[in-house]
1. Could you name the lysines whose alpha carbon sits less than 26 Å from that of K104, not counting residues in the same chain fewer than 8 places away?
2. If each residue of separation counts as 0.36 nm, what is the full-extension length gain between D82 and S53 once their alpha-carbon separation is subtracted?
3. What FRET efficiency, computed as 1/(1 + (r/R0)^6) with R0 = 30 Å and r the Cβ-Cβ distance, is obtained for M132 and L110, rounded to the nearest 0.05?
4. If contacts are Cα pairs under 8 angstrom and at least 6 residues apart, what is the relative contact order of region 22-88 in percent?
5. Short version: ³J(HN,Hα) in whole Hz for each residue of region 68-79, in order, from phi by Karplus 6.51 cos²θ - 1.76 cosθ + 1.60 (θ = phi - 60°), x for Gly and Pro, what are they?
6. Return the FRET efficiency for the residue pair S161, V42: r is the Cβ-Cβ distance, R0 is 41 Å, and the value is rounded to the nearest 0.05.
Amino acid sequence: MKPEEVKKMEQEDDEEFVGLNVDTNLLDVVQVLFKTEPEVEVFYDGFLERMQSDKKIRKHTDNRKRMNEAFLDELLKYHDLDTINKALNGMRDENNFATVEEEKDIDKLLRKTFSSKMEFRMFITYVSQYMMEEHDTPVEAAAKSMKRLGKSDNDVLKITSVIDKIF
């Protein structure tokens, strides 16, 4: 979700402009820190002004460290360092994938909860149906599907807690 100015500059054949050579975590944190599109655009406008005024940043594609520093300096105009760190740490926590042990636990839970592949397929079908037709959240759809399949409250809670972690 880059502003149009960034896209234009990246598409131009201007040898001085090299694109945003910034760590992806820093680019992603913009979406966390700035909640509306106008705020994001104002931030990128300020960053682009800085890039245009600093020829060293524009000419050296391999100097990611300098680009990251400039990007952070621009972020610091709007948020304090603690807020930026919290956002970065929160993103890292959200992007952690399940470990092998966690995947095994989920697999065991599914095998224990659903007696056959057909029953699991029915569960997925019901979840999809509730989400599309009734616009339920994944957790709500899973709970309704489990109830429709006659599962116990304990099983419903286990499955919905796993789905809640995923979504």
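No value in this document is a laboratory result; all are computed from the given coordinates. On a predicted model such as this, the values are computed, not experimentally measured, just so you know. Every residue, glycine among them, receives a Cβ derived from its backbone with ideal geometry; neighbour counts consider all protein chains shown.
1. K112, K117, K144, K147, K151, K158, K165
2. Between D82 and S53, full extension yields an extra 7.6 nm.
3. The computed FRET efficiency comes out at 0.85.
4. Relative contact order of region 22-88: 49 percent.
5. 4, 4, 5, 5, 5, 4, 5, 4, 5, 5, 10, 9
6. After rounding, the FRET efficiency stands at 0.55.
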